[in-house]
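Student: Take this structure, written in structure tokens, and hold onto it; I'll ask about it next.
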Amino acid sequence: MANNLTKEDLRICVDVVKTIARERGTAKDPAAVAELMSAVARNYNRGVRSFEQLIAAMKAGT
């Protein structure tokens, strides 16, 4: 079943990926960015929906 994201939800996820990629210094590495995108998507699908919560989850390595 497809779950449609709103523009705001998509913007939050993209901002999290950009922020974490910059912090890790991997913003120019496509494979690392793709891995981050997958991790953010997993956390989002688990119910972590706010920017702050997603950043905290990514920093915690979950």
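Readers should treat all values here as calculations from the given coordinates under stated rules, not as data from a laboratory. Predicted, not measured: the structure shown is a model, and the values here were computed from it. Ideal geometry is used to build each Cβ from the backbone, glycine not excepted, and the neighbour counts take in all protein chains shown.
Student: Roughly what would the spin-label model give for ALA32 and ARG49, points 7 Å off Cα along C-beta, in nm?
Tutor: The two pseudo-label positions are separated by 3.2 nm.
Student: Moving to a separate point now. Are there trypsin sites (Lys or Arg not before Pro) in the stretch 1-58 that DSSP marks as loop and that have at most 10 other Cβ atoms within 10 Å, and which are they?
Tutor: Within the stretch 1-58, the qualifying trypsin sites (Lys or Arg not before Pro) (loop, at most 10 other Cβ atoms within 10 Å) are LYS28, ARG46.
Student: Give me the dipole magnitude in Debye, nearest 20, for the chain about the Cα centre, with unit charges on the beta carbon: positive for Lys and Arg, negative for Asp and Glu.
Tutor: 20
Student: Between (i) 10.2, 30; (ii) 11.1, 35; (iii) 10.8, 32, which entry matches Rg and Dmax of the Cα atoms in Å as derived from the coordinates of this structure?
Tutor: Checked against the structure: label (ii).
Student: Relative contact order for the chain: what is it in percent, counting Cα pairs under 8 Å that are at least 6 residues apart?
Tutor: RCO, the chain: 35 percent.
Student: Convert each backbone phi in the stretch 37-52 into a coupling constant with the Karplus relation 6.51 cos²θ - 1.76 cosθ + 1.60 (shift: θ = phi - 60°), then list the ³J(HN,Hα) values in order as whole Hz, x for Gly and Pro.
Tutor: 4, 5, 5, 5, 4, 4, 5, 4, 5, 7, x, 7, 10, 8, 4, 5
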